[in-house]
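Structure first, then comments.
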Amino acid sequence: MSIIRDIVSDFSDEDDIDLCDDVNEEDDDVNEEEEDVEINTSQPDGLTTLRNGYDLFVGMQFESKEATIDAIKQFHIHNSFDYVVKISRPHIFVAQCKHFGAGCEWRVRASFSVKRDVWEIKKIDGTHTCVSTIVSQDHSKINSSFISNCIINLVPEDPGIPIKTLVKEIVSRFGYTVTYRKAWTAKQLAMSRIYGDWEESYNELPRWMNVVQHFAPGTIVRYEASRNYVNGVEDPSAFILNRVFWAFKPCIEGFAFCKPILQVDGTFLTEKYTGTLLIASSQDGNRRIFPVAFAIVEGETKEAWEWFFYNLRTFVTPQPYICIISDRDTGLLGALRTELPRWCNSKSVYCIRYLASNFNKEFKDSDLKEKVIQMGITFFKSFMFGIYSYIYFNFIN
Ligand SMILES: [Zn+2]
């Protein structure tokens, strides 16, 4: 909610021109004429007992219709009342108590002021005299869209904020416990509003890569895309992204100062569009991880790894005598058999920690896992064979 000004001291009805000429066409219950609006910049008596921060009063101004409705919602949620919308047009919004005509006469009218370029609460009739019920754990106006407005500032601070924390935030602000699902949907909405939705993000990818290449010349970006067909007819305005490979120029240059090793691995992506992120990294002189190249592909298939290794060798690391460290992924091993002979004097070795992890998945023994790691990192063949024999005869055989 963005309140521009709470109280307008210089408010004058005479210079106000609202686009509300259709007010009487839509709803017989609402019979306000613009000139009949009595402007009152003080708080109505009925609102003085309400908690601060969620009050509504004539003269409140907002930057948009959405912000106006948000304030009306917050007022009702916070005070356990409810309303129904009577008119909702581009320049006018009228709502009244859910129990209007049955003992409660509360009604609000807000409209857009062309002259001031703001939305404003023009009239509030009566006060809520209906009985508020705080028994319910839910409120009809607390939907995912409303919650996303409330948490919009929390998400950028911590995009990984747990859903339970968001539920607690709503409880502390309004006293209602919303469902996990509702809060989860609200977070997705907030993420989409802040960072764009999934389709937008993919559409932005080529532009984003172009900008990176513009400001870091020498950055490598390679795509694989296929044509887009709609009902059998090619749509030339869009392509389907199959794979993308990229390596930033500073990483390409920095690799020359790293150990001549490339550790390659993939991790699957979650959320709406699945896929796999492939990474090649190295180590600097201080044994710090140094990223070299990335790719988003369909999965750890042999074809995807071949494409990754081809781009890596051709555009990023053409140096000889590189050692490639990997796990024993089937697709990766298949690709290495095809690709590695084309790498000049390069070697392929396995990462002992991967092997030990896989070993542990099978035997579920952390002591054995450590022995496997010891076996892998020892430089003395006889000593390594000793550990192997110990493991084999004592645990496996
Ligand atoms: Zn009421």
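Observations on the structure shown:
- Farthest positive-ward along the range 272-366 dipole, Cα basis, beta-carbon charges - from GLY285, THR338, ALA295: GLY285
- Pairwise FRET efficiency - THR270 versus ASN228, Cβ, R0 = 30 Å, nearest 0.05: 0.75
- Amide H partners (placed H, <5 Å) of SER282, local residues excluded: GLN263, PHE290, VAL292
- Highest-first arrangement of 90-99, 348-357, where packing means the average Cβ count within 10 Å: 90-99, 348-357
- Close amide-amide hydrogen proximity is noted between PHE62 and ILE4, TRP119, GLU120, each under 5 Å apart and 5 or more residues distant or on a separate chain (H modeled in the peptide plane; Pro and chain starts excluded).
- Note, ³J(HN,Hα) from phi for the range 326-342, Karplus 6.51, -1.76, 1.60, rounded to Hz, x at Gly and Pro: 8, 8, 9, 4, 4, x, 5, 4, x, 5, 5, 4, 7, 8, 4, x, 7
- Selection from TYR176, SER145, PRO206, by position along the positive dipole direction of the range 60-212 (Cβ): TYR176
- For ARG227, net neighbour charge (Lys/Arg +1, Asp/Glu -1) across residues whose Cβ lies under 14 Å away: -3
- √(5λ) per eigenvalue of the Cα gyration tensor, the range 354-396, largest first, Å: 17, 12, 6
- Taking the average, over residues, of other Cβ atoms within 10 Å as the packing measure, peptides 114-122, 232-240 rank 114-122, 232-240 from highest down.
- Inter-label distance, SER172 to ASP197: 3.2 nm, where each label sits 7 Å from its Cα along the C-beta direction.
- Sorted by Cβ density within 10 Å, fewest first, the residues SER144, SER282, SER64: SER64, SER144, SER282
- Bridge type composition, the range 245-397 - antiparallel percent by DSSP, nearest 5: 70 percent
- In order along the range 319-325, the Karplus-derived 3J(HN,Hα) couplings, from 6.51 cos²θ - 1.76 cosθ + 1.60 at θ = phi - 60°, round to 4, x, 6, 9, 9, 9, 9 Hz, and Gly and Pro are given as x.
- For SER346, the residues whose amide H sits under 5 Å from its own are TYR321, ILE322, ignoring neighbours fewer than 5 places away on the same chain, with H placed 1.01 Å from N.
- Counting Lys and Arg as +1 and Asp and Glu as -1 over every other residue whose Cβ lies under 12 Å from the Cβ of VAL155, the net charge comes to -1.
- Rounded to whole Hz, the Karplus (6.51, -1.76, 1.60) HN-Hα couplings of the range 241-254, x for glycine and proline: 6, 9, 8, 9, 10, 8, 9, 6, 3, x, 6, 4, 5, x
- Distance (nanometres) between label positions extended 7 Å along Cα→Cβ at PHE239 and LYS259: 3.8 nm
- Net charge of Cβ neighbours under 10 Å - reference GLY218; Lys, Arg +1; Asp, Glu -1: 0
- Scaled to the globular estimate 2.2 N^0.38 Å, the Cα spread of the range 156-303, given as radius of gyration, is 1.37.
Readers should treat all values here as calculations from the given coordinates under stated rules, not as data from a laboratory. Only a predicted model underlies this, so the values are computations on that prediction, with no experimental measurement involved. Counting neighbours? That spans all protein chains shown, and the Cβs are built from the backbone with ideal geometry, glycine included.
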